[in-house]
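Please read the structure below before turning to the comments.
The values are calculated or read from the model by the stated rules, or taken from the named source; none is laboratory data. This one's a predicted model, so the numbers in the text were calculated from it and none came from an experiment. Here the Cβ is made from the backbone with ideal geometry for all residues, glycine too, and neighbour counts use every protein chain on show. Only protein heavy atoms, including side chains, enter the accessible area calculation; ligands, DNA and RNA are left aside. Shrake-Rupley method; radii C 1.70, N 1.55, O 1.52, S 1.80 Å.
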Amino acid sequence: MNYRYIGRTGLRVTPICLGTMNFGSSCEEKESFKIMDKAYDRGINFFDTAELYPVPPKTSWAGETESIIGRWLKDKPRDKLIIASKIAGAANGWFVPPIRHGFTAVDKFHIKSAIEGSLKRLGTDYIDLYQMHWPDTVVPIEESLKAFDELVQEGKVRYLGTSNDTAHGLTKANETSKRLGIARFESIQNNFSLNNPRFLDELAGVCKAENISLLPYSPIAGGVLSGKYNGSFYPEISRFSDYLKSENPRARAQATRFVNKKSLAVTLKYMEIAKRLEISPVTLAVAYSKQFDFVASTIIGARTAEQLDASFAALDLELSGEVMKEIQEIQQEIMYPMG
């Protein structure tokens, strides 16, 4: 296994991280255990979760994913694993999370409340990487970072990260940490895939200049890059088939961002590359995501243990310069299929 370090930390992680956002919703506990067991047996040491999970977010579900992981962790050597979790972002953002009665904020009170809940559900006394799920546009970043730093000083958190942030947000947070002499964000967890290469525009430059690692999520674009939406009919059991029929306008908007004419057209081109290479299109997508030097670990997910095989096949795969050039040409031909 070729391990990589997250930012400037001592966190030495596998190039693939197991995401868990569907544990407790579309994936029951028994299957969740099978998925984690299979990842563990394959040598994966990095697991990512959040207090908000599972998805779709519901008050009755919030925290269940961490509880499932906590029950699985009971007979595992804790110091052999890297566990990442997240505090829900602010209710003034893109949606109101069903946590703490819909009044979430990334301030000292909520950070303290969130970490205690996560530690209890996970059954551990520390979290290796604690992340802000999305930025707070009201609470000053100074307040957030000072509260996060206290968690590091208390030993409840080893290192910090952010998620769903911009080049401006990441840079401002990084410079604030420097000025205050406190713990900084060592990683950023953003959407990045063949179908969504926007991270390369600006954020990649920030990460390389400051040695901050990207932890890409949705490397197969929510399942779109598997090709399952390129058939005559959308599969019945799939996230975006459900979202497209949802009465929630936000869910429908998310589905059309991922599944549209441009995204399906570009996916078809990637499927042709995968066929020529005699690999799964999922393997191609995950291999692309982990190809970059600013990426520490690519976050994958699965509804069944069997679905992990195609992603794990990318662990030892490095795409050739010719293939990467072909991908870049496709990305120039059909730009930003996810907007």
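Note that segment 152-160 has calculated 3J(HN,Hα) couplings of 5, 5, 7, x, 7, 9, 8, 9, 10 Hz, one per residue in order, obtained from phi through the Karplus relation 6.51 cos²θ - 1.76 cosθ + 1.60 (θ = phi - 60°); glycine and proline are x. Within the chain, antiparallel bridges make up roughly 10 percent of the DSSP beta bridges whose residues both belong there.
Let me know the shape class of segment 1-61, please: from the alpha-carbon gyration tensor, a ≥ b ≥ c as square roots of the eigenvalues, rounded when a/c is under 1.5, otherwise prolate if a/b is greater than b/c, or oblate. Oblate shape, in that a/c is at least 1.5 and b/c is the bigger or equal ratio.
What separates the Cα centres of segment 127-155 and segment 51-66 is a distance of 21 Å. Inter-part distance, segment 274-306 to segment 177-193, computed on C-alpha centroids, equals 25 Å.
Rounded to the nearest 20 debye, what is the charge dipole size of segment 179-232 about its Cα centre when +1 sits on each Lys and Arg Cβ and -1 on each Asp and Glu Cβ? Before the final figure, lay out the partial values.
Values: 5 positive and 4 negative charges, 15 e Å.
Computed about the Cα centre, the dipole is about 80 debye.
Below 13 angstrom from the Cβ of Lys290, what's the summed charge of the other residues (Lys, Arg +1; Asp, Glu -1)? Overall, the nearby charge balance is -2.
Which log10 I(q)/I(0) values, to two decimals, does segment 1-136 give at q = 0.14, 0.20 Å⁻¹ under the Debye formula with one point per Cα? Calculated log10 I(q)/I(0) at the listed q: -0.62, -1.21.
With respect to the cross-link table entries Lys38/Lys275; Lys74/Lys172; Lys178/Lys325; Lys80/Lys290; Lys34/Lys262; Lys38/Lys262, which display a Cα-Cα separation exceeding 29 Å?
Working: Lys38/Lys275 26 Å; Lys74/Lys172 39 Å; Lys178/Lys325 37 Å; Lys80/Lys290 22 Å; Lys34/Lys262 36 Å; Lys38/Lys262 35 Å.
Too far apart for the 29 Å limit: Lys74/Lys172; Lys178/Lys325; Lys34/Lys262; Lys38/Lys262.
Sorted largest first, the spans of the alpha carbon positions of segment 249-339 along the three principal axes are 40, 34, 28 Å. The residues of segment 239-339 expose on average 50 square angstrom of accessible surface per residue, using a 1.4 Å probe on protein heavy atoms.
At 10 °C and 1.306 mPa s, what whole-number value in µm²/s does Stokes-Einstein give for the translational diffusion of the chain, with Rh from the Kirkwood sum over Cα pairs? Using the Kirkwood radius from Cα pairs, D works out to 78 µm²/s. When the label point is put 7 Å from the Cα of Lys108 along its Cα-to-beta-carbon vector, which residues of segment 147-174 have a backbone N closer than 14 Å? Within reach of a label on Lys108, which here means backbone N under 14 Å from a point 7 Å along Cα→Cβ, segment 147-174 contributes 147-151.
Asp75 contributes an accessible area of around 120 Å² to the protein surface, as traced by a 1.4 Å probe with all chains present. Here the Debye sum runs over all C-alpha atoms of segment 180-339 as equal scatterers in vacuum, and log10 of I(q)/I(0) at q = 0.16, 0.21 Å⁻¹ comes out as -0.94, -1.49.
To the nearest 10, the accessible area of Met335 is 90 Å² with a 1.4 Å probe. In terms of Cα atoms, the Rg and Dmax of segment 106-241 work out to 17.5, 56 Å. Backbone geometry of segment 55-65 corresponds, through the Karplus equation with coefficients 6.51, -1.76 and 1.60 at θ = phi - 60°, to 3J(HN,Hα) couplings of 10, x, x, 9, 4, 6, 9, 3, x, 5, 4 Hz, x marking Gly and Pro. Scanning the chain for GluC sites (Glu not before Pro) in DSSP loops with at most 15 neighbouring Cβ atoms within 10 Å leaves 29-201 as the longest stretch between them. Calculate, for Ser67 and Tyr40, the FRET efficiency according to 1/(1 + (r/R0)^6) with r their C-beta to C-beta distance and R0 25 Å; round to the nearest 0.05. Result of the calculation: an efficiency of 0.85.
Modelled spin labels at Gln332 and Val152, positioned 7 Å past Cα toward Cβ, are 4.1 nm from each other.
Listed values for segment 134-147 are Karplus-derived 3J(HN,Hα) couplings in whole Hz (6.51 cos²θ - 1.76 cosθ + 1.60, θ = phi - 60°), namely 7, x, 9, 8, 10, 5, x, 4, 4, 5, 4, 5, 5, 5, and x replaces Gly and Pro.
Between Leu264 and Gln307, the contour length at 0.36 nm per residue exceeds the alpha carbon distance by 13.4 nm. Based on C-alpha pairs under 8 angstrom that are at least 6 apart in sequence, segment 220-325 has a relative contact order of 24 percent.
Please tell me which of these pairs span more than 30 angstrom C-alpha to C-alpha: Lys76/Lys108; Lys76/Lys112; Lys30/Lys261?
Numbers: Lys76/Lys108 32 Å; Lys76/Lys112 26 Å; Lys30/Lys261 37 Å.
Checking Cα-Cα distances, Lys76/Lys108; Lys30/Lys261 exceed 30 Å.
Ordering Ser26, Ser226, Ser232, Ser118 by accessible area with a probe of 1.4 Å, largest first, what comes out?
Values: Ser26 60, Ser226 40, Ser232 115, Ser118 0 Å².
Per-residue accessible area, sorted high to low, gives Ser232, Ser26, Ser226, Ser118.
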